[in-house]
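The values are calculated or read from the model by the stated rules, or taken from the named source; none is laboratory data. Only a predicted model underlies this, so the values are computations on that prediction, with no experimental measurement involved. Cβ placement follows ideal geometry from the backbone for every residue including glycine, while neighbour counts extend to all protein chains displayed.
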Amino acid sequence: MNKTKYWIGRAVKNIILAFFSILCVFPLIWVVIAATNSSVDIVRGVLTFGSHLAENYQTLISKYDLWGATWNTVKYSAVTTIVAMIVCSIAGYGFEVYHDKVKDKLFGVLMLTMMIPFVATMLPIYQTYAKFGLLNTTLGFILPSVSTVFLIMLFRQNSRNFPMDIIEAARIDGETELGIFFKMYVPTMKATYAAGATITFMNAWNNYMWARLIMSDNSAQTLRMLISNMTTGHYIDYGMLMLAVLISTLPTLIVFFALQKSFVEGMTGAVKG
């Protein structure tokens, strides 16, 4: 009787999990199917693969600079991720390894800034960047994202699992502080770097509000801006639109699934040698 209840309960749980998994995955499946159909079929609600994929692609690249926007998005996201990992990991490492009461109070102030939404500071930042000629530039795009309190906190918290005895031993052996950081800390914190890189890359890739504000030149537009422009006309070609959405979504899926295991380890504070 107990075994029967166990298997029934397990079957019910699996059915519930399968149902909600399908709900979560269905929008992506629908985008893939819609990218192969015409706009008319999409409006009609057709849920089978069509034969308009090549046509949608030709229409897309003839009307919009798809690959130019893709290159811009890749460039902005990659540079943002690399610089943010360097800056935030050094800051998190410094707050933990060289911490004192003053640094702890400073970190507390930084934590308070997390309650301030970006939209509240966006216009002052824009005005400052405009004065310094940073509009429509990669530097202007990445600067607000290269040092975030969340990433600094992530590296600081995970640095607590880093064996401090290694640092003392390295100092006794005459190793420099930069040598300790790059030769010992960075390789040990691979999971944290993977988690931080995943979050930063996705945020930069999906960044729309700041990109729309600072990138007024069409040659500097991102994929999110290009997709937004597709919805502003009197007639919307949904087949072309869904194909653009699919192309824009694939890189983030690839990055997440490639770093999924390390992402979980990094978020849970695991330290790997």
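Of the listed requirements (1) assigned to a helix (DSSP H, G or I); (2) under 30 Å from Asn72 (Cβ atoms); (3) free of Cβ contacts under 8 Å to residues at least 12 places away in the same chain, Leu178 misses just one: (2). Among the numbered conditions (1) touching a residue at least 40 places away in the same chain (Cβ under 8 Å); (2) hydrophobic (A, V, I, L, M, F, W, C); (3) buried (at least 17 other Cβ atoms within 10 Å of the Cβ), the only one that Met111 does not meet is (3). Kindly evaluate Thr222 against the criterion of being touching a residue at least 24 places away in the same chain (Cβ under 8 Å), under 22 Å from Tyr126 (Cα atoms) and among the polar types (S, T, N, Q). In short, yes.
Confirm whether Thr81 is under 16 Å from Ser248 (Cα atoms) and in contact with a helix residue (DSSP H, G or I) (Cβ under 8 Å, 6 or more places away or on another chain).
no
So which residues in region 51-60 are without any contact (Cβ under 8 Å) to a residue 60 or more places away in the chain and either part of a loop (DSSP other than H, G, I, E, B) or within 10 Å of Ala244 (Cβ to Cβ) (or both)? Step through it out loud before you land on a result.
Step one: filter region 51-60 for residues without any contact (Cβ under 8 Å) to a residue 60 or more places away in the chain, giving 51, 54, 58.
If the condition is that a residue be without any contact (Cβ under 8 Å) to a residue 60 or more places away in the chain and either part of a loop (DSSP other than H, G, I, E, B) or within 10 Å of Ala244 (Cβ to Cβ) (or both), then Ser51 is the only one that fits.
Restricting to region 98-146, name every residue that is among the hydroxyl-bearing types (Ser, Thr, Tyr) and at pLDDT below 85.
From region 98-146, those among the hydroxyl-bearing types (Ser, Thr, Tyr) are 98, 113, 121, 126, 128-129, 137-138, 145; that's our starting set.
Scanning region 98-146 gives Tyr98, Thr113.
Let me confirm something: among Val25, Val46, Val32, Val12, which residue is under 16 Å from Met240 (Cα atoms), surrounded by 10 or more Cβ atoms within 10 Å (Cβ to Cβ) and without any contact (Cβ under 8 Å) to a residue 24 or more places away in the chain? The match here is Val46. Where helices (runs of 4 or more DSSP H) fall wholly inside region 188-273, the ranges with 3 or more residues that are of a type in the set (Gly, Ala, Ser), touching a helix residue (DSSP H, G or I) at 6+ places or on another chain (Cβ under 6 Å) and farther than 22 Å from Thr137 by Cα are 190-205.
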